[in-house]
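Quick one: this structure, given as C-alpha cells, is what I'll be asking you about.
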Amino acid sequence: MARRKDHTREELHGMALAAAWRIAEAEGLRGLTARRVAREIGYTVGTLYNVFTDLDDLVVQLIGRIFDALYEELKELPLDGGPEADLRSLAKGYIRFTGRQPKLWGLLFEHQLPEGKEPPEENEAKIHLLLRLMERALGPLFSLGKEAERLHVARVLWASLHGICSLGSAGKLTAGETITTMVETLVTHFLVGLRDEPVKQPA
C-alpha cells in the first residue's frame with residue numbers, strides 16, 4: 001500500500017477524483033464512499049480528508065469534472081448552421097454524453113449538499129460556460145441589448161434538456177417516448193415560440 005509520502009497533495013487530489021469517477025461511472029452515488037475511494041488509491045480515509053474537506057467536497061469537485069468533460073465535448077461542435085441546426089447539434093451532443101455516462105450524470109440530481117452549504121463558485125462558472133454555447137446558438141434570434149433575455153432563454157432550454165435526459169437515463173419517461181424524440185419536439189416548438197413571440201425575462 002502506498003504511503004502518504006509517495007505522492008504530493010496535488011497528485012492525491014487527482015488520484016482521488018479519478019477513482020471517484022470510476023466508482024460513480026459503474027455504481028453511481030450509492031457506491032461512492034470515502035472508504036471506497038481511499039481504498040482505491042491505497043491510502044487511509046484520514047489521508048483523503050487531508051485533501052478534501054469531506055465527502056461532499058469530493059463529490060462537488062467530481063461534478064465539476066463532469067461539467068468540464070461535457071464542455072470539452074460540446075465546444076468541438078460546429079455552431080454555424082443557424083439556431084435550429086446548432087441547437088439540435090448541441091442537444092444531440094448532450095444526449096450522447098449523458099447516454100454514455102448515465103450513473104455518473106445521475107450525481108447531479110442524486111447528490112444534495114447539506115442545508116446552508118452552497119455549490120462552489122467554480123461549478124457555477126462551468127455551468128455558465130455551457131450556457132454560453134447555447135446562447136451562441138440562440139444569438140441570431142436576439143437583437144443587441146437583449147443579452148439578459150437570451151441568457152434567460154438559454155437557462156430555460158438547458159433545464160428542459162437536462163430534465164428530459166435525466167428522466168430518460170433513470171428509465172422514467174412515459175412508455176413509447178424516447179429522449180431523442182422528446183428533445184426534437186422541445187427544440188422545434190421552443191424555436192417556434194421564440195420566433196412568434198420573443199420571450200421577456202421575468203422581473
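Only the coordinates and a few stated rules stand behind these numbers; no lab work does. Here the structure is a predicted model, which is why all the values come from computation and not from measurement. Methodologically, a virtual Cβ is constructed for each residue, glycine included, from the backbone with ideal geometry; neighbour enumeration extends over all protein chains shown.
Taking into account only those residues within region 150-182 that are part of a helix (DSSP H, G or I) and of a type in the set (Gly, Ala, Ser), which is surrounded by the fewest Cβ atoms within 10 Å (Cβ to Cβ)?
Step one: filter region 150-182 for residues part of a helix (DSSP H, G or I), giving 150-169, 179-182.
Restricting the remaining residues to those that are of a type in the set (Gly, Ala, Ser) gives 154, 159-160, 163, 166, 168-169.
Working: Ala154: 22, Ala159: 10, Ser160: 15, Gly163: 13, Ser166: 18, Gly168: 20, Ser169: 20.
So the residue we want is Ala159.
When you go through (1) assigned to a helix (DSSP H, G or I); (2) surrounded by fewer than 18 Cβ atoms within 10 Å (Cβ to Cβ) one by one for Thr98, which number turns out not to apply?
(2)
Determine if region 4-22 includes at least one residue that is among the hydroxyl-bearing types (Ser, Thr, Tyr), loosely packed, with under 15 Cβ neighbours inside 10 Å and over 17 Å from the mean Cα position of the chain (by Cα).
Here is the first cut: in region 4-22, the residues among the hydroxyl-bearing types (Ser, Thr, Tyr) are 8.
So of that shortlist, the ones also loosely packed, with under 15 Cβ neighbours inside 10 Å come out as 8.
Right, trim to over 17 Å from the mean Cα position of the chain (by Cα) and you get 8.
For region 4-22, residues among the hydroxyl-bearing types (Ser, Thr, Tyr), loosely packed, with under 15 Cβ neighbours inside 10 Å and over 17 Å from the mean Cα position of the chain (by Cα): present.
What's the total number of residues in region 5-48 that are in a helix (DSSP H, G or I) and either on the phi > 0 side of the Ramachandran plot or of a type in the set (S, T, N, Q) (or both)? It would help to see each step written out before you state the result.
As a first pass, look at region 5-48 and keep what is in a helix (DSSP H, G or I): 5-6, 9-27, 29-31, 34-41, 45-48.
Now narrow it down to the ones that are either on the phi > 0 side of the Ramachandran plot or of a type in the set (S, T, N, Q) (or both): 47.
Going through region 5-48 one residue at a time, the tally reaches 1.
Suppose we filter Glu40, Glu73, Glu84, Glu25 for residues that are touching a Gly at 6+ places or on another chain (Cβ under 8 Å) and surrounded by fewer than 18 Cβ atoms within 10 Å (Cβ to Cβ); which single one remains? Explain how you work it out, then say what you get.
Values: Glu40 fails: touching a Gly at 6+ places or on another chain (Cβ under 8 Å); Glu84 fails: touching a Gly at 6+ places or on another chain (Cβ under 8 Å); Glu25 fails: touching a Gly at 6+ places or on another chain (Cβ under 8 Å).
Every option except Glu73 fails the conditions.
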